[in-house]
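Peer 1: Let me begin by handing over the structure; questions about it come next.
The values are calculated or read from the model by the stated rules, or taken from the named source; none is laboratory data. Bear in mind the structure is a predicted one, so any value in this text is a computation, not a measurement. Note that we place each Cβ from the backbone using ideal geometry, even for glycine, and neighbour counts take in every protein chain shown.
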Amino acid sequence: MGLSKTIWTNPTEFLRNQQPENPVLFFSPSAVQSAARRFIDGFPGMVTYAVKSNPGEEVVENLAAAGVRGYDCASPFEIDLIRRLAPDAAIHYNNPVRSLAEIRHAVDKGVKSWSVDSKSELAKLVEHVPTQDCEISVRFKLPVSGAAYNFCAK
């Protein structure tokens with residue numbers, strides 16, 4: 001996949017000609033691909049995009065074209081989106097609470113990476129997810145007393 005089609009050469013031209021009343025997204029495929037490639041080139045691990053941050057098809061298509069191979073999904077919708085636009089990508093299902101139907105859907109779509117933050121969610125995965133080639137990350141809530149910074153606070 002190459003770059004998406006350019007509709008306007010710059011935001012100023014669009015605003016001058018269209019004078020929109022509602023917010024408009026200005027998207028630069030080349031900027032997205034360039035930033036993704038720069039990050040991939042400088043990071044030795046698997047680069048993973050959090051789909052919920054912007055699930056726009058144009059964003060995912062351009063990230064996949066740039067070489068992003070991992071996607072953090074939080075819903076069946078996001079899993080389906082990635083399977084459609086980047087079929088061979090690794091999907092990390094990091095929503096810590098899922099229904100049995102959502103778990104079955106993810107298994108059917110080939111999800112192998114999960115996260116949990118409770119015993120009950122771990123028990124659901126152990127019962128319903130094939131264990132071969134499966135990765136489950138466990139999130140711990142640790143006390144922050146004495147820490148230089150509380151990363152749980154925003």
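Peer 1: For the subset of segment 12-46 comprising residues that are among the polar types (S, T, N, Q) and within 18 Å of Val59 (Cα to Cα), which member is surrounded by the most Cβ atoms within 10 Å (Cβ to Cβ)? Lay out the reasoning, then the answer.
Peer 2: Going through segment 12-46, the residues among the polar types (S, T, N, Q) turn out to be 12, 17-19, 22, 28, 30, 33-34.
Okay, now just the ones that are also within 18 Å of Val59 (Cα to Cα), so 28, 30, 33-34.
Working: Ser28: 15, Ser30: 12, Gln33: 22, Ser34: 13.
Looking at the filtered set, the residue picked out is Gln33.
Peer 1: Go through (1) of a type in the set (A, V, I, L, M); (2) modelled with pLDDT of 90 or more; (3) not in a loop (DSSP other than H, G, I, E, B) for Leu15 and report which single condition fails.
Peer 2: Tallying (1) of a type in the set (A, V, I, L, M); (2) modelled with pLDDT of 90 or more; (3) not in a loop (DSSP other than H, G, I, E, B), Leu15 fails exactly one: (2).
Peer 1: When you check Val59 against the structure, is it without any contact (Cβ under 8 Å) to a residue 60 or more places away in the chain, more than 30 Å from Val24 (Cβ to Cβ), surrounded by 15 or more Cβ atoms within 10 Å (Cβ to Cβ) and in contact with a helix residue (DSSP H, G or I) (Cβ under 9 Å, 6 or more places away or on another chain), yes or no? It would help to see each step written out before you state the result.
Peer 2: Values: without any contact (Cβ under 8 Å) to a residue 60 or more places away in the chain: yes; more than 30 Å from Val24 (Cβ to Cβ): no; surrounded by 15 or more Cβ atoms within 10 Å (Cβ to Cβ): yes; in contact with a helix residue (DSSP H, G or I) (Cβ under 9 Å, 6 or more places away or on another chain): yes.
The answer is no for Val59.
Peer 1: Right, something else. Return the pairs, sorted by first residue and then second, in which the second residue is crowded, with 20+ Cβ neighbours inside 10 Å, the first residue lies in segment 102-113 and is basic (Lys, Arg), the beta carbons are less than 7 Å apart, and the residues are 6+ apart or on different chains.
Peer 2: Lys109/Ile79
Peer 1: Just name the residue that is surrounded by the most Cβ atoms within 10 Å (Cβ to Cβ) out of those in segment 81-122 that are small (Gly, Ala, Ser) and under 14 Å from Val51 (Cβ atoms).
Peer 2: Looking only at segment 81-122, we keep the residues that are small (Gly, Ala, Ser), and these are 86, 89-90, 99, 101, 106, 110, 113, 115, 118, 120.
Okay, now just the ones that are also under 14 Å from Val51 (Cβ atoms), so 86, 89-90, 106, 113.
Working: Ala86: 21, Ala89: 20, Ala90: 17, Ala106: 24, Ser113: 20.
Among those residues, the one meeting the criterion is Ala106.
Peer 1: Mind checking which residues of segment 85-109 are in a loop (DSSP other than H, G, I, E, B) and either modelled with pLDDT under 95 or more than 23 Å from Glu58 (Cα to Cα) (or both)?
Peer 2: From segment 85-109, those in a loop (DSSP other than H, G, I, E, B) are 86-89, 94-99, 109; that's our starting set.
Asn94, Asn95, Pro96, Val97, Arg98, Ser99, listed by residue number.
Peer 1: Every residue in segment 22-52 that is of a type outside the set (Phe, Trp, Tyr), out of contact with any helix residue (DSSP H, G or I) (no Cβ under 6 Å at 6 or more places or on another chain) and not in a helix (DSSP H, G or I), please.
Peer 2: Keep residues of segment 22-52 that are of a type outside the set (Phe, Trp, Tyr), which gives 22-25, 28-38, 40-42, 44-48, 50-52.
Still in the running and out of contact with any helix residue (DSSP H, G or I) (no Cβ under 6 Å at 6 or more places or on another chain): 22-25, 28, 30-31, 34-35, 38, 40-42, 44-46, 48, 50, 52.
Result: Asn22, Pro23, Val24, Leu25, Ser28, Pro44, Gly45, Met46, Thr48, Ala50.
Peer 1: Continuing with the same structure: Can you find, within segment 110-129, the residue that is nearest to the chain's Cα centre (by Cα) among those that are under 18 Å from Pro76 (Cβ atoms) and part of a loop (DSSP other than H, G, I, E, B)? Don't jump to the end; show me each part of the working.
Peer 2: Keep residues of segment 110-129 that are under 18 Å from Pro76 (Cβ atoms), which gives 110-116, 121, 124-125, 128-129.
Filter again for part of a loop (DSSP other than H, G, I, E, B), leaving 110-112, 129.
On the way: Gly110: 16, Val111: 13, Lys112: 15, Val129: 21 Å.
It comes out as Val111.
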